[in-house]
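Visitor: Before anything else, here's the structure in question.
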Amino acid sequence: MDAFSIQGGNRLSGTITVDGSKNASLPLLAATLLTDEAVVFEGVPNLSDIANMVRLLEELGCTATRVNSQIQIQSLDSSISHARYDIVRTMRASVCVLGPLLAKRGEVRVSMPGGCSFGDRPIDLHLRGLEALGAKIHLEGGDIVARCERLHGATIFLGGPFGSTVLGTANVMSAATLAKGKTIIESAACEPEITDLAKLLNAMGAKISGAGTPRITIEGVDQLGGASHTVMPDRIVAGTWAIAAAMTNGNVTIEKFPLDHLLAVTDVLSTVGVHVHQTDTSQDPVSCTVQVTSDRNLKPVMFTTQPFPGFPTDLQAQMMALLCLSKGNSIITEKIYPERFMHVPELSRMGARLVKQGSTVVVQGVDRLIGAPVMASDLRASASLIIAGLAAEGETIVSRVYHLDRGYEQMEKTLTALGAKIKRIDDTQVVDGLPIVDTVPAKKLVQPNS
Ligand code: EPU
């Protein structure tokens, strides 16, 4: 297994460009199951989660061709509609195929995703939404089995105990495009990834309005066709780079920065004393160039994660790493996944002072973090440990970085280009957190279908 060795203390500086969004790409790729025609994507990031989704689509009878950042998918054989446990357990987002397969093929079997490292992640709202459209659903051998003649439009309330559901909205909205009649999704997720999905579906011939608001209306059509689509920039990756720049008191220019999608984050950063300002004249507020700089004295702040446009849960861990070095006490409350704090004990190993009470963590700022061997337990927790390692004194070894490779394309290369001292090493060569050999070459990420 790969690990990262980081020598902290270098200021990040230079220019980087944000890749296409992973979380937008996954439901976009699944939407190709709604048509027999080819759909072409530009800007799909080269990540292990994407490779897994493409593998799943191939198992479901699609052909996939990838040339650099462009992927073409075409659904050719509709005889297999079973998303097996082998794939679903590697990536929960496999559940994105549920709605498209049901609507197009009238039948689907998807292995029920289990819990994940940050708690229960039920899919009851996905199922309730599809049942409202007329699906008959039952559980069989750990699989969700759903069938329908033709789905019919309905008015569906999709809110749950933690607010709206992003992939649930994606599933129900995608399925409703081929339903007979009109569907209204109330309490729909407003995340930009949903707006991006609606943009693709409309380009394929769907009739969706209101995406990006809590009420989405879909007029069903008989069939969808092929289309071309450019994936939106990854707001979580962009936010991670901005926080990493701030953590090292750096000066980083970030291109294709989705400023409009990150206003809750830039607001918190500005309170902390981090400046994010647009440096180009782009009229596109979701793909502009910004410069990130910070004051040496970081101020504490209080924030709560919320559905969009609130502060994203996917940047909570990274922001916590930054606040470890602020002057005073910060308070972070997690309202989407109350147990998403696996980074807390690991940051504490690096000298952070963190007090967790339920879904809130009090961060008592310290003068310095100290490098240590730490273990990544999920994608965003990994990112926070790497950010902490960039500013810590001495060496930090972050093990199990396969979590990171799910959502950041060769992060070590980008950070090295910005002046960080970070190397990918072989975890099997690490004894008690101390590497016993030098580096091995960076492992190539899986190239889907190439
Ligand atoms: N929920 C339910 N019932 C459901 C679905 C969700 O109660 O049927 C609850 C969840 O347990 C959670 C809340 O609703 O408390 C929101 O979950 P949501 O369904 O919105 O999450 P998701 O769609 O499964 C996506 C992202 C996550 C991100 C969340 C929240 C993808 C592939 N995943 O998950 O991204 O944290 O939205 O914004 O888009 C990540 O990238 O690291 C990641 C985990």
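The values are calculated or read from the model by the stated rules, or taken from the named source; none is laboratory data. What you see is a predicted model; the values in this text were computed from it and never measured. So basically every Cβ, Gly included, is an ideal-geometry build from the backbone, and we count neighbours across all protein chains shown. Keep in mind that these areas ignore ligands, DNA and RNA; they rest on the heavy atoms of the full protein, side chains included. Shrake-Rupley method; radii C 1.70, N 1.55, O 1.52, S 1.80 Å.
Visitor: Give the residue from Ser25, Ala3, Val40 lying farthest towards the positive end of the charge dipole for the stretch 1-90; charges sit on Cβ (+1 for Lys and Arg, -1 for Asp and Glu) and the dipole is referred to the Cα centre.
Guide: Farthest towards the positive end: Ala3.
Visitor: Which angle from 0 to 90°, rounded to the nearest 10, does the C-alpha axis of helix 48-59 make with the longest principal axis of the chain?
Guide: The answer is roughly 20 degrees.
Visitor: Given +1 on the Cβ of Lys and Arg, -1 on the Cβ of Asp and Glu, and no further charges, what dipole in debye does the chain carry about its Cα centre, rounded to the nearest 20?
Guide: Details: 40 positive and 45 negative charges, 100 e Å.
In debye, rounded to 20, the chain gives about 480.
Visitor: Across the stretch 237-252, in residue order, what do the Karplus-derived ³J(HN,Hα) couplings come to in whole Hz, using 6.51 cos²θ - 1.76 cosθ + 1.60 with θ = phi - 60° and x for Gly and Pro?
Guide: Residue by residue, the stretch 237-252 yields 4, 4, x, 4, 5, 4, 5, 5, 4, 5, 4, 9, 6, x, 9, 10 Hz.
Visitor: Taking the full set of protein chains and a 1.4 angstrom probe, give the accessible area of Arg11 in square angstrom, rounded to the nearest 10.
Guide: About 140 Å², ignoring ligands and nucleic acids.
Visitor: What ranking of His403, His138 comes out by heavy-atom accessible area, probe 1.4 Å, highest first? Intermediate values should be presented prior to the final figure.
Guide: On the way: His403 30, His138 80 Å².
Ranking His403, His138 by accessible area, largest first, yields His138, His403.
Visitor: I need the phi-derived Karplus couplings for the stretch 271-285: 6.51 cos²θ - 1.76 cosθ + 1.60, θ = phi - 60°, integer Hz, Gly and Pro marked x.
Guide: The phi angles translate into 5, 6, x, 9, 9, 10, 10, 6, 10, 10, 9, 4, 8, 9, x Hz.
Visitor: Pairs on different chains or at least eight residues apart, Cα atoms closer than 13 Å: how many lysine pairs in the stretch 22-230 fit?
Guide: 4
Visitor: Oh, and also: Mind pulling the angle between the C-alpha long axis of helix 192-203 and the longest principal axis of the chain? Nearest 10 degrees, somewhere in 0 to 90.
Guide: 30 degrees
Visitor: Now for a separate question. Residues with beta-carbon under 11 Å from that of Arg55, excluding Arg55: net charge, scoring Lys, Arg +1 and Asp, Glu -1? The partial results should precede the final answer.
Guide: Values: positive: Arg84; negative: Asp49, Glu58, Glu59, Asp86.
It works out to a net charge of -3.
Visitor: To continue, here is another question. Roughly how many Å² of Glu186 are accessible to a 1.4 Å probe, to the nearest 10?
Guide: Accessible area of Glu186: about 50 Å².
Visitor: Who wins for biggest fluctuation among Ile80, Ile331, Ile71 in a Gaussian network model of the chain, springs between alpha carbons below 10 Å?
Guide: Greatest mean-square fluctuation among the candidates belongs to Ile80.
Visitor: What are the ³J(HN,Hα) couplings of the stretch 330-342, residue after residue, when phi is run through the Karplus curve with 6.51, -1.76, 1.60 and θ = phi - 60°? Round to Hz, x for glycine and proline.
Guide: With coefficients 6.51, -1.76 and 1.60, one gets 10, 10, 10, 10, 9, 9, 9, 10, x, 9, 7, 9, 5 Hz.
Visitor: Protein chains only, probe 1.4 Å: how do His126, His152 rank by accessible area, largest first? All intermediate terms of the calculation are to be shown ahead of the outcome.
Guide: Values: His126 10, His152 85 Å².
Ranked from most to least accessible, the order is His152, His126.
Visitor: Out of Ser75, Leu57, Cys96, whose Cα points farthest toward the positive end of the dipole of the stretch 38-97 (charges: +1 Lys, Arg; -1 Asp, Glu; placed on Cβ)?
Guide: Selected residue: Cys96.
Visitor: Working from Cα positions, state the angle (0 to 90°, nearest 10) between the long axis of helix 166-176 and the longest principal axis of the chain.
Guide: Once rounded, the angle reads 20 degrees.
Visitor: Take Glu140 and Gln364, extend 7 Å from each Cα along the Cα→Cβ direction, and tell me the distance between the two endpoints in nm.
Guide: Once both label points are built, they end up 5.8 nm from each other.
Visitor: Less than 12 Å apart at the alpha-carbon level, and either on another chain or at least 8 residues along: which aspartates and glutamates does that give for Lys423?
Guide: Output for Lys423: Asp2, Glu395, Glu412, Asp438.
Visitor: For the stretch 237-345, which GluC sites (Glu not before Pro) are both in a DSSP coil and crowded by at most 16 other Cβ atoms within 10 Å?
Guide: Details: sites: Glu255, Glu334, Glu339; in loops: Glu334, Glu339.
Those that pass, being in a loop and sparsely packed, are Glu339.
Visitor: Okay, next question. Who wins for biggest fluctuation among Asn68, Asn249, Asn46 in a Gaussian network model of the chain, springs between alpha carbons below 10 Å?
Guide: Asn68
Visitor: Along the Cα-to-Cβ line of His275, 7 Å from the Cα, sits a label point; which residues in the stretch 368-406 have backbone N less than 17 Å from it?
Guide: No residues fall inside that zone.
Visitor: Report the dimensions of the chain along its three principal axes from the alpha-carbon atoms, largest first, rounded to Å.
Guide: The Cα atoms of the chain stretch 63, 44, 42 Å along the principal axes, largest first.
Visitor: Just reorder Leu167, Leu418 by solvent-accessible area, largest first, 1.4 Å probe, all chains present. Let's see the in-between values first.
Guide: Details: Leu167 45, Leu418 5 Å².
In descending accessible area the options line up as Leu167, Leu418.
Visitor: Taking the Cα centre of the stretch 22-230 as origin and charging only Cβ (+1 Lys, Arg; -1 Asp, Glu), how large is the dipole, in debye to the nearest 20? Intermediate results must be reported in sequence, preceding the final value.
Guide: Numbers: 19 positive and 21 negative charges, 39 e Å.
In total the dipole reaches around 180 debye.
Visitor: At 7 Å along the Cα-to-beta-carbon direction for both Asp260 and Thr416, put a label point, then send me their distance in nm to one decimal.
Guide: Once both label points are built, they end up 3.7 nm from each other.
Visitor: Check the straight Cα-Cα distances from Lys356 and name the lysines below 22 Å, setting aside those fewer than 8 residues away within the same chain.
Guide: Here the lysines satisfying the reach criterion relative to Lys356 are Lys299, Lys327, Lys335.
Visitor: Compute for the stretch 22-230: radius of gyration divided by Kirkwood radius, i.e. Rg/Rh, restricted to C-alpha atoms, rounded to two decimals. Write down the numbers at each step before the final one.
Guide: Working: Rg = 15.3 Å, Rh = 16.5 Å.
Here Rg/Rh amounts to 0.92.
Visitor: Further question on the same structure: What does the helix-only formula give at 222 nm for the chain: each DSSP H stretch with n ≥ 4 adding -39500 (n - 2.57), the total divided by the residues, and the result rounded to the nearest 500 deg cm²/dmol? Working shown, then result.
Guide: Values: 14 runs with 127 residues, N = 450.
After summing the helix terms and dividing by residue count, I get -8000 deg cm²/dmol.
Visitor: Before I look further, what does the chain give for accessible area per residue, probe 1.4 Å, in whole square angstrom? Present the calculation step by step, with values, prior to reporting the outcome.
Guide: Values: 17600 Å² over 450 residues.
Computed with neighbouring chains in place, this is 39 Å² per residue.
Visitor: Roll a 1.4 angstrom probe over the protein heavy atoms and tell me the percent of accessible area of the chain that is carbon or sulfur.
Guide: Numbers: 8720 of 17600 Å².
Carbon and sulfur together cover 50 percent of it.
Visitor: So, one more: State the extension gain, in nm to one decimal, for the chain segment bounded by Ser228 and Glu58, taking 0.36 nm per residue of separation less the distance between their alpha-carbons.
Guide: Details: separation 170, 0.36 × 170 = 61.20 nm, distance 1.93 nm.
Taking Ser228 through Glu58 to full extension adds about 59.3 nm, to one decimal.
Visitor: Contact order normalised by length for the stretch 22-230, with contacts defined as Cα pairs under 8 Å and 6 or more residues apart; what percent is it?
Guide: Values: 469 pairs, mean separation 42.3, N = 209.
Contact order relative to length: 20 percent.
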